[in-house]
Amino acid sequence: QLQASGGGLVQAGGSLRLSCAASRSIFSIYEMAWYRQAPEKQRELVASISTSGSTNYADSVKGRFTISRDNAKNTATLQMNSLKPEDTAVYYCAGRVYGSASPNYWGQGTLVTVSS
């Protein structure tokens, strides 16, 4: 139900914009989020945004990444600036309904590779 896109290869210091399109209204999805998983590492939360617009970021991306959502267009985006090689990972969008402790919906991953 979630389709992620926008990954690619970029040099360090560059920018990428990831998009997550939902096949259904995301208005009822309380929290939209982006996770990432680097090789041989566990999946980690990168950023999340609630229906009220409240955001949360991993310390490693604060000030560089911006998450947003458009309920009318059923999309969520992750603007990534000042990318670093350590940002290289497969990025996943996810949706969590109110009351759920973990995401209920996952998109397929999109690979982001940052070269030094």
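Sort the chain into rounded, prolate or oblate with this rule: let a ≥ b ≥ c be the square roots of the eigenvalues of the Cα gyration tensor; rounded if a/c is under 1.5, and if a/c is not under 1.5, prolate when a/b is larger than b/c, oblate otherwise. Prolate is the answer for the chain, as a/c is 1.5 or above and a/b outweighs b/c.
The packing ranking, built from the mean of other Cβ atoms within 10 Å per residue, places the peptides 82-90, 36-44 in the order 82-90, 36-44, highest first. Surface composition of the chain: carbon plus sulfur atoms hold 48% of the accessible area, using a 1.4 angstrom probe and ignoring ligands, DNA and RNA. When only the Cβ of Lys, Arg, Asp and Glu is charged (+1, +1, -1, -1), the dipole of the chain relative to its Cα centre reaches about 180 debye. In this structure the chain gives 52 Å² per residue of accessible area when probed at 1.4 Å with all protein chains present.
The values are calculated or read from the model by the stated rules, or taken from the named source; none is laboratory data. Keep in mind that what you see is a predicted model, and the values were worked out from it rather than measured. Cβ coordinates were reconstructed from backbone atoms using ideal geometry, including for glycine residues, and neighbour counts include every protein chain displayed. Side chains are part of the model used for accessible areas, which takes the heavy atoms of the whole protein and leaves out ligands, DNA and RNA. Shrake-Rupley method; radii C 1.70, N 1.55, O 1.52, S 1.80 Å.
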